[in-house]
Amino acid sequence: MIERPATVRVKEGLHARPATQFVKLARSFASSLEVRRGARGADAKSSVKLMLLGLKEGEDVTVRADGADAEVAVEALVSFIETPEAGAELGGAAPTLPAGAPSGMAAAPPGGRAAAGVAASEGTAIGLAFGFFPETLAAPRRALSPAAIDGEVEVLRRAFAATVAALVDRGAKPEAAPQDRQIIDALIEVAGDDELVGAIDARVRGGQDAVTATLEAGARLAARFEAIDGDYLRARAEDVRGLVRTLALTLLGRSDANLADPPAGSILVAGEISAWEFARLPLARLAGIVCASGAATSHVAIMARTHGIPAVLGSGASLAALAAARTIALDGTTGEVWLDPDAATEASIRDRIAAEERERDGLDAYRARKPVTRDGRSIEVAANLGSLGEIAPALAAGAMGVGLFRTELLFMERKTLPSEDEQAAIYDELARAFAPHPVIVRTLDIGGDKPVAGIEVGHEENPFLGWRGVRLCLDRPDVFKPQLKALLRAAVHGNIKIMVPMITETGEVLRVKALLAECRAELDAAGVAIGDPDLGIMMETPAAALLAADLARHVAFFSIGTNDLSQYVMAADRLNPRVAGLNRADHPAVLRAVALICEAARARGIPVGLCGEAAARPDLIPLFLRMGVTELSMSPAAILRARKAVIETDLEISPA
Ligand code: PEP
Ligand code: MG
């Protein structure tokens, strides 16, 4: 049994409507649930009993749960009780907007409780909620008779085989993206590792039932990973837990039916979802994703964008409200979420979806038209990529090359650093796929928030202000030089450009140049053919913007990273949904920094690209082009819309 104290914050207490919703939420859990006030208690699954208890705002209560999903049930019920707007009249409650949210979010249609989160993957969707709130699995602790042990070992062996076969199957599905396959491969490896298999097997041979052995040995192994001082290995604990859960479910003859089988067109709603769980989802059946936690640059957000599924993460709605909703609508472009929208809201959301479809159809015409402004200035519209699997969609979308290849995505999810040869093969394929258009490859931009095997960043109080990007690379020539060499080799195709992230001072550029010269000399001495790629830098820190005129003297091009530039100029963490309203590329302070950078590039006569998310915004594109931006780079899905915005811009006409 689990119990937790809580204070009733629901406005005016648990009267009829909130009580009904509270009970609906309670009934979605298997555990028996009780709410106690002093000596009196009420079954949380009976609205009459609950109302008779007469809970008022400000009163202290205790929530008790007994059963398999007790933990998550208590958490959901307590969070409901402590949410002032919980159970409010549809359309009557103020939306739970984070402070300073952009006005677009506040303009949610009335009718349907709205919340705002982080816009993680664009597009609007509505559908039945498909909740993923997995129950806690309890160990049955059955003692085996000696005669039963061999049979149990065989049961365990078959469960392992079935789990691995299911993973192989999932990885072979045509809809699995390369990132998914990497995660699946990692899991198959864990499933074959004696550290796990051996430990479970030994427990069963010692007389423990297979489920208990699996759960306990798995928990131990996960805890060992968690105790390791290294982000990447710590993150593997998640893999172990995911795998152990699947094994235990297989042994119990159950499955997280939730994840295996969402009805077509449903909206996945979860507290959080790991990359591991995400990789198991039949994504083609999902219309959208809403999670209580997560942010725009989390793994799940990147995967949702790769698969073109609208997503809002770090949603402003409480876990309880999410779990209680039947129908969910979301706009992954603005971050809006509506729980159980009423008929009028639903109609306005369906209008948005229809408008998006019409827009997509209408944009097809721009595939064949060159992105040239009305007054005749040619603009490169390129793609932001993170894997080779995205080459085909980028080409299909009309990408004129690659404005940003995020190489850190190649390094994440691997157990070892990719070698110089492996990297050279990847950059080579990229260069050939887009030739003669330029392919700008960004050198590793990892830091405390992105774990990569073989690079221990350790704990940092402020990872975004820490050992990140070029700072880390310059300190780790053993990591940086193989990447630079691989890029020099791929540059024989003539269209590779090297771009360095997180530059804050000229000295860093000079040190990169010195390392590049060293790499050139070593490759020359070994008789390896190399090219002569341009070297450019990301302009994404306030320091770089202020020093732009000096930096421009040392590099061949700039590319403005508005994602980081916004977070650093505005001092607003890009992963924190609470300050998302401040983290805006269209804030006057950020736009002034962009203008400074463009002016320095123009004065020196070097090209200036823009590869942050803002590059895809048709409302900002004319402004950026007027400032002097010469190239826009974005996720492939946004390319045609950007081409249209460029074609419709006339730089000779000043905006009203
Ligand atoms: C940026 O900061 O704008 C950018 C493009 O890089 P990333 O989002 O990978 O930090
Ligand atoms: Mg950046």
Hey, can you tell me all the residues within segment 544-565 that are within 14 Å of ligand 2 (Cβ to nearest atom) and either over 24 Å from residue 383 (Cα atoms) or outside any helix (DSSP H, G or I) (or both)?
-> 558, 559, 560, 561
What are the residue pairs meeting all of these: first residue in segment 205-221, first residue acidic (Asp, Glu), second residue not in a helix (DSSP H, G or I), Cβ atoms under 8 Å, and 6 or more apart or on different chains?
-> 209/140; 209/141; 209/142; 209/143; 209/144; 216/139; 216/208
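This table checks each residue for (1) assigned to a strand (DSSP E or B); (2) over 28 Å from residue 644 (Cα atoms).
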| position | (1), (2) |
| --- | --- |
| 289 | yes, yes |
| 305 | no, no |
| 322 | no, yes |
| 333 | no, no |
| 359 | no, no |
| 382 | yes, no |
Report yes if some residue within segment 248-263 is open to solvent by less than 30 Å² (accessible area, probe 1.4 Å), out of contact with any Pro (no Cβ under 9 Å at 6 or more places or on another chain) and modelled with pLDDT under 80; otherwise report no.
-> no
Condition met for residue 559 (closer than 20 Å to residue 431 by Cα, within 9 Å of ligand 1 (Cβ to nearest atom) and surrounded by 23 or more Cβ atoms within 10 Å (Cβ to Cβ)) | yes
Among the candidates 593, 616, 601, 589, single out the residue that is of a type in the set (Gly, Ala, Ser) and in contact with a Lys or Arg (Cβ under 9 Å, 6 or more places away or on another chain).
-> 616
Just give me the residues in segment 118-136 being touching a helix residue (DSSP H, G or I) at 6+ places or on another chain (Cβ under 8 Å), at pLDDT below 85 and not β-branched (Val, Ile, Thr), in sequence order.
-> 133, 134, 135
Complete set of residues in segment 532-543 that are in a loop (DSSP other than H, G, I, E, B) and either of a type in the set (D, E, K, R) or within 13 Å of ligand 1 (Cβ to nearest atom) (or both) = 532, 540, 541
Give the number of residues within segment 565-582 that are farther than 11 Å from residue 614 by Cβ and either within 11 Å of ligand 1 (Cβ to nearest atom) or open to solvent by 50 Å² or more (accessible area, probe 1.4 Å) (or both).
-> 9
Going through segment 477-531 one residue at a time, which ones are within 16 Å of ligand 1 (Cβ to nearest atom) and among the β-branched types (Val, Ile, Thr)?
-> 498, 500, 503, 504
Search result, residues across segment 453-487 that are within 16 Å of ligand 2 (Cβ to nearest atom) and surrounded by fewer than 16 Cβ atoms within 10 Å (Cβ to Cβ) | 462, 465
β-branched (Val, Ile, Thr), in contact (Cβ under 8 Å) with a residue 12 or more places away in the chain and open to solvent by 10 Å² or more (accessible area, probe 1.4 Å): does that describe residue 512?
-> no
Single condition residue 490 does not satisfy, out of (1) open to solvent by 10 Å² or more (accessible area, probe 1.4 Å); (2) at negative phi = (1)
When you scan segment 566-656 for helices (runs of 4 or more DSSP H) that lie fully inside it, which ones turn up with 3 or more residues that are of a type outside the set (Gly, Ala, Ser), closer than 19 Å to residue 384 by Cα and more than 19 Å from the chain's Cα centre (by Cα)?
-> 621-627, 639-647
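The values are calculated or read from the model by the stated rules, or taken from the named source; none is laboratory data. These figures come from a predicted structure and were not determined experimentally. Neighbour counts are summed over all protein chains in view; Cβ atoms, including those assigned to glycine, are modelled from backbone coordinates with ideal geometry. SASA here: full protein model, heavy atoms, side chains in, ligands and nucleic acids out. Shrake-Rupley method; radii C 1.70, N 1.55, O 1.52, S 1.80 Å.
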